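Below is one structure, written out as structure tokens, with a few remarks after it.
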Amino acid sequence: MLLTSTAFQQGGPIPKRYTCEGENISPSMSWSDVPAETVSFVLILHDPDAPRPGGFTHWAVYNIPAEVGQLIEHVPAREILEGIGMQGLNDAGKIGYMGPCPPSGEHRYFFHLYALRDDLKLGTHVSHIQVRSAMGELVIEHAEFMGKYKKSGEKAA
């Protein structure tokens, strides 16, 4: 599987508009070369460099139908996204995307895409931890895409 974005390059800087210093909107993400047996996808955005145990998860989208090959820029902060899937709670306890906002230094932000052999049997208002746990043996394949961000100002996260 290949996960890409038109917003920035693999390993490159994440543009400010997708961060807490900008518009704080999700970038477009697209994927290709998916396994034929894929039923749904999960997309998770995680910062392993956050100064807390386990890092910080910024976004979790699950039950994305197999026929969907992209998420457009600025996915609305709603639990149920008609024709797109569902969004879980991030580590701030909110539904939807939360852009990079490192308290200090440059952090790495990993977009993880998982192809699953079934939908997750989850309702609404679930945490990214519940999403990850429910994936278990359903994962067929995994792809990742990483960007970096360092705040330009001195304000704290």
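Only the coordinates and a few stated rules stand behind these numbers; no lab work does. Small disclaimer: the values here were computed from a predicted structure and weren't measured. Backbone-built Cβ (ideal geometry, glycine too); neighbour counts: all protein chains shown.
Some observations on this one:
- Hits in the stretch 96-133 (condition: of a type in the set (A, V, I, L, M, F, W, C) and closer than 11 Å to Val42 by Cα): Phe111, Leu113, Ala115, Leu116, Leu120, Val131
- Residue list for the stretch 75-94, restricted to those being over 22 Å from Ala7 (Cα atoms), in contact with a Phe, Trp or Tyr (Cβ under 8 Å, 6 or more places away or on another chain) and part of a loop (DSSP other than H, G, I, E, B): Gly88, Asp91
- Cβ-Cβ under 8 Å pairs, at least 6 apart or on other chains, the stretch 1-24 side without any contact (Cβ under 8 Å) to a residue 24 or more places away in the chain, far side surrounded by fewer than 17 Cβ atoms within 10 Å (Cβ to Cβ) and in a strand (DSSP E or B): none
This table checks each residue for (1) surrounded by 18 or more Cβ atoms within 10 Å (Cβ to Cβ); (2) in contact with a Phe, Trp or Tyr (Cβ under 9 Å, 6 or more places away or on another chain).
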position	(1), (2)
Pro65	no, yes
Tyr97	yes, yes
Pro100	yes, yes
Tyr109	yes, yes
His112	yes, yes
Thr124	no, no
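- Within the stretch 46-74, tally of residues that are closer than 14 Å to Ser30 by Cα and part of a strand (DSSP E or B): 5
- Scan of the stretch 1-45 for residues that are in a strand (DSSP E or B) and among the small types (Gly, Ala, Ser), ordered by number: Ser30, Ser32, Ser40
- You will find that of Ile44, Ile14, the residue that is surrounded by 17 or more Cβ atoms within 10 Å (Cβ to Cβ), of a type outside the set (Gly, Ala, Ser) and over 18 Å from Leu89 (Cβ atoms) is Ile14 and no other.
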